[in-house]
Amino acid sequence: MFKSIKWKFILVYFLLVFVAVTIVGAFIVTQFERQQNKQVTDTMKKHVENLLNYSSTLQSENWENVEKPIKDLIVKWPTSITDKIYIISQNQKPVLVASTSDAATTQNMYDFIDSELFIESIKNANYQIKTVRKDSQHFAHLSYPIFEQNGKVKGVIYLTSDLKLIDQSINQSKMMLVQSTVLAIFIAVLLGYFMASSITGPIRDVTIQAKKMADGDFTQHVEIHSKDEIGQLAGMFNTLSNELQRKISQIFKEKSKMETIFNYMADGLLVLDTKGKVMHVNQVAQRILRLPYNTATQMSYEDINENVRSSIELKYIKNRDMWTGNEICEIGSSSYRVQYAPFRDENREVGGIIIVFQDVTEQQRLDNMRREFVANVSHELKTPITTIKTYTETIIDGVIEDREMTTKFLNVVYGECDRMNRIVSDLLQLSQMDYDQKKWNFRKIDLDELLEDVHLKMQISAKDKSHSLKYFVQSGVGEVLGDRDAIEQVILNIVSNAIKYTPEAGEINIQAYTRDHRACIEIEDNGMGIPEKDVPRIFERFYRVDKARSREMGGTGLGLSIAKQILDEHQGDIELESTYGEGTTVRILLPYA
């Protein structure tokens with residue numbers, strides 16, 4: 001119970017009032033009792049002095065001779081019913097001369113007086129006052145010595161006064177003091193309760209709201225009932241709540257923003273502590289490292305893919321300068337640039353490591369293609385240039401006199417120049433399409449008319465190799481939308497390849513039909529076919545299945561690449577199916593007009 005500040009307040013109020021009232025009451029009662037006793041003794045002394053001054057009988061030398069007048073005097077003398085007067089002579093021994101107490105005349109007078117007080121007053125020749133308690137009785141005793149003319153004590157006027165009424169009055173005062181104390185304590189406790197409640201109530205409200213805030217509810221406010229320190233505390237709590245809510249909102253926004261960035265960034269993100277335990281991992285990193293979705297943050301770096309650890313082990317990272325660096329590593333069939341750096345806590349000490357996995361597979365592939373492309377272009381151009389240079393030098397060296405040989409050499413030079421021109425033209429066309437500089441003339445194309453023109457243009461080439469070249473257009477194929485020259489170039493390129501790579505007396509069939517709500521132009525041959533491993537790369541630039549034979553036939557290795565890019569620009573598709581040694585089928589799909 002006393003753990004509450006309210007009860008501590010009440011206890012303090014109780015003890016304060018109790019101690020104060022007790023001390024004051026004790027002081028008042030003591031002073032009251034002392035004052036009452038002094039008043040009684042002063043009255044007794046004055047009473048004796050009045051008695052002496054009034055009575056000449058008591059001035060007599062010998063009290064035994066005037067015993068009767070003395071008795072009559074003290075009997076008639078007005079005294080309180082509780083007062084008793086004893087006249088005691090001191091000649092050779094104390095003798096009771098007179099008394100207002102009948103019992104004293106028949107009993108031993110020392111039963112009614114205090115012998116020590118009596119003897120002390122005679123011995124000191126001065127009056128003595130004393131209060132005596134005996135058998136629950138309380139009396140005040142006064143022993144007043146009377147002197148002869150020679151200064152000798154001839155007797156004592158002994159006066160007793162019953163203090164019963166005074167004791168009752170003092171007891172009543174004590175009882176009133178106790179009652180007042182109880183009432184004061186009750187009032188003090190009651191006031192202390194309300195005072196403590198006025199203090200602890202707002203504090204309790206603040207505590208309740210603070211507990212709710214600790215549980216995560218930061219919308220709490222307390223009412224301000226006063227402008228004192230408690231009210232200022234409530235005001236500061238509300239200010240703190242508002243500021244904390246604002247800060248939490250900012251932190252939540254930042255956290256949400258960072259989580260969104262982490263989860264949806266294109267790169268994989270892995271956060272480790274200094275011991276290698278996974279603190280955070282985004283979905284991309286989970287996919288890259290093949291980590292389980294629900295238990296990824298319970299894993300350690302030691303549990304992650306062995307290939308990754310072999311390239312960037314934790315001990316290797318810690319040995320690097322500033323724990324910073326980047327590596328290229330292979331994970332599965334993909335290439336990743338792995339960059340890592342430490343992050344620090346509020347004490348500027350390293351709190352862990354952030355590792356970013358950037359997929360550079362496409363970049364690596366493009367770099368490889370670029371290098372291969374440069375090498376292929378260089379090789380393709382170097383061969384005719386070398387041939388032209390060789391034949392030209394031969395002519396310059398004197399073969400010019402032989403006209404027939406010169407004409408033959410010049411034909412070779414012309415053929416190589418034509419080959420270089422085709423390469424440059426193809427590269428220029430690809431460059432224009434890469435940079436969207438190609439101007440397309442889109443219009444409706446009649447496939448029947450288009451295939452008839454292709455058939456006529458390729459008929460001579462087919463006859464040179466004794467091929468059977470046929471075409472067929474399904475009824476109702478309709479018209480397609482596109483650049484007629486570009487689509488014709490695509491078809492001519494594919495038919496030309498079919499003629500080139502089909503042995504003598506082969507069959508080449510061209511047909512057009514509808515498939516999946518699009519027009520499909522299919523070119524089928526029974527030529528040498530393409531090995532299965534080469535089919536996925538057949539549309540790459542400068543890619544040749546048989547490089548030596550392709551060059552011998554005048555191919556640049558760019559035809560199919562140009563065909564695919566033209567169809568991409570027309571929202572079309574190209575499909576190739578081939579069985580090595582049996583033949584190849586190419587399908588061109590175009591949207592209808």
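Annotations for the structure displayed:
- Size-normalised alpha-carbon gyration radius of the range 238-281, reference 2.2 N^0.38 Å: 1.61
- For the pair Ala341 and Lys68 in one chain, pulling the backbone fully straight at 0.36 nm per residue adds 85.4 nm over the alpha carbon distance.
- Rg(Cα)/(2.2 N^0.38 Å) for the range 426-484, N = residue count: 1.50
- Spatially proximal lysines relative to Lys211 (Cα-Cα < 29 Å; intrachain offsets below 8 disregarded): Lys3, Lys6, Lys8, Lys227, Lys247, Lys253, Lys255, Lys257
- Cα centroids of the range 440-506 and the range 157-194: 132 Å apart.
- Computed P(r) (all Cα pairs; the range 402-555; 10 Å bins; percent): 9, 30, 36, 20, 4, 1, 0
- The range 138-257 shape via C-alpha gyration tensor axes, a/c threshold 1.5: prolate
- Cα gyration tensor, the range 473-526 - rounded (a/c under 1.5), prolate or oblate: oblate
- Treating r as the C-beta distance of Glu452 and Glu582 and R0 as 25 Å, the FRET efficiency rounds to 0.30.
- Sites matching trypsin sites (Lys or Arg not before Pro) across the range 84-170 that sit in DSSP coil, with at most 10 neighbouring C-beta atoms within 10 Å: Lys152
- When each of Lys46/Lys154; Lys45/Lys134; Lys470/Lys564; Lys444/Lys533 is checked by Cα-Cα distance, pairs over 28 Å: Lys444/Lys533
Values quoted throughout were computed directly from the atomic coordinates according to the rules given, and no laboratory measurement underlies them. Because the structure is a prediction, the values reported are computed rather than measured. Methodologically, a virtual Cβ is constructed for each residue, glycine included, from the backbone with ideal geometry; neighbour enumeration extends over all protein chains shown.
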